Amino acid sequence: MKISVIITSYNQKTYLRQTLNSVIAQTLLPYEIIICDDCSTDGSQRMIKDYERRYPNLIKAIYQDFNIGVTRNRNMGIKMATGDYVSTLDGDDLYYPKKLEKEMAAVKRTGALLVYSNVVYIDKTGQETGVRYKRHQLLEGCLFEKTATLKYPSPREVMIKRTCIEEMGFQDESFQINEDFEWMVRLASRFAFVAVDEKLVFHRIHSKGLSSCSNRLLLLETQKKMIGKALKIAGQSIEKDKPRTRKKLVSFLNLTRARIAEEQNQFSAARPYLFKAIRDDVLRSANYDLLLRLFLPNFFRRNSRLPDPLMIGPAAIPFYIARGI
């Protein structure tokens, strides 16, 4: 089975060489590497053309004449791909050497249509700063509700069967950000996941990354739009307990609405949404994190938060109080 790797690039020359080398060095070489450059002005295009000359049977490139945005740019690469499976990454992220080999082994073993693995977070210098899934938390099967509530998984660690994309469509180009999560929600509504419980991807977090967004309000507004779309397809999803799934999604939607109101300093408007979110999902720790920020803002400022996945539901309250004080 052939694998197509899609790399999106925009003024990331500093990291793009490392990204390309990490894909070229895979123990299971992809059938093709498609680099989609969104009209970079930092010399990235010259470097990409050099790689094209060095690897003419492996690397293909798309050069945009003007900046069209990451979603449309990535879609062009996905549409160009001819592999049986598609894997995407940004031009500053990296693959472990056995990423494709391990995931394809899972495909051959299980017949999986969606395969994902663990992610290591790194900073701009390449230093490790954390791991996405701790203590062997990688789940399998239907993950629609968890994907729609931003728990599992993000697109950069997923290898996708091409036929799934043909059935569910490409990324929604009306999204400025969160477009990859919305895409994954649609895929998760129809297809089950298989997990490779190993760290196989490096995701770089830095201020100039494609996935970074300094506009928190825009991030939350697009998140609200994504959840709304998820609610519309929840009834046709492969989730067995659809009423429970819908309840969880409505709770997360209300939490997002409360966060938007908080971001606009409309605290009285945020509280009713938050109470509804807690009513429908009493064990989501983020509900209580926001609750304490709304009622004790001097103690619980956003810049001092340290999320802890062990602290869930009401049990988190003493922890947050002790931390805040």
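The values are calculated or read from the model by the stated rules, or taken from the named source; none is laboratory data. Note that the structure is a prediction, hence the values are computed from the model and not measured. Virtual Cβ from ideal backbone geometry, glycine too; neighbours counted across all protein chains shown.
Summary table below
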| item | result |
| --- | --- |
| Some residue of segment 184-198 being aromatic (Phe, Trp, Tyr), modelled with pLDDT under 95 and closer than 16 Å to Ser87 by Cα | no |
| Matching entry among Leu231, Leu218, Leu283 (being out of contact with any helix residue (DSSP H, G or I) (no Cβ under 7 Å at 6 or more places or on another chain) and surrounded by fewer than 17 Cβ atoms within 10 Å (Cβ to Cβ)) | Leu218 |
| Meets criteria (in contact with a strand residue (DSSP E or B) (Cβ under 9 Å, 6 or more places away or on another chain), touching a residue at least 12 places away in the same chain (Cβ under 8 Å) and either closer than 23 Å to Tyr152 by Cβ or surrounded by fewer than 21 Cβ atoms within 10 Å (Cβ to Cβ) (or both)) for Tyr55 | yes |
| Qualifying residue in segment 192-204 (condition: buried (at least 23 other Cβ atoms within 10 Å of the Cβ) and part of a helix (DSSP H, G or I)) | no |
| Residue check, Lys49 in contact (Cβ under 8 Å) with a residue 12 or more places away in the chain and surrounded by fewer than 16 Cβ atoms within 10 Å (Cβ to Cβ) | yes |
| Hits in segment 146-184 - residues which are without any contact (Cβ under 8 Å) to a residue 60 or more places away in the chain, among the polar types (S, T, N, Q), over 20 Å from Gly111 (Cα atoms) and surrounded by fewer than 23 Cβ atoms within 10 Å (Cβ to Cβ) | Ser154, Ser174 |
| Failed criterion for Lys199 (all others in (1) over 13 Å from the mean Cα position of the chain (by Cα); (2) basic (Lys, Arg); (3) within 19 Å of Met226 (Cβ to Cβ) hold) | (3) |
| Any hit, segment 105-120, residues being surrounded by fewer than 23 Cβ atoms within 10 Å (Cβ to Cβ), under 13 Å from Leu200 (Cα atoms), touching a residue at least 12 places away in the same chain (Cβ under 8 Å) and not aliphatic (A, V, I, L, M) | yes |
| Strands (runs of 3 or more DSSP E) contained entirely in segment 52-163, each with at least 3 residues that are under 30 Å from Lys248 (Cβ atoms) | 85-90, 114-122, 128-131, 158-161 |
| Criterion violated by Arg74 - all others in (1) at pLDDT 95 or above; (2) in contact with a Lys or Arg (Cβ under 7 Å, 6 or more places away or on another chain) satisfied | (2) |
| Residue within segment 294-316 that is at pLDDT 85 or above, surrounded by 13 or more Cβ atoms within 10 Å (Cβ to Cβ) and over 19 Å from Gln223 (Cβ atoms) present | no |
| Hey, Glu103 under 27 Å from Glu140 (Cα atoms) and assigned by TED's automatic domain parsing to the domain that holds Asp180 or not | yes |
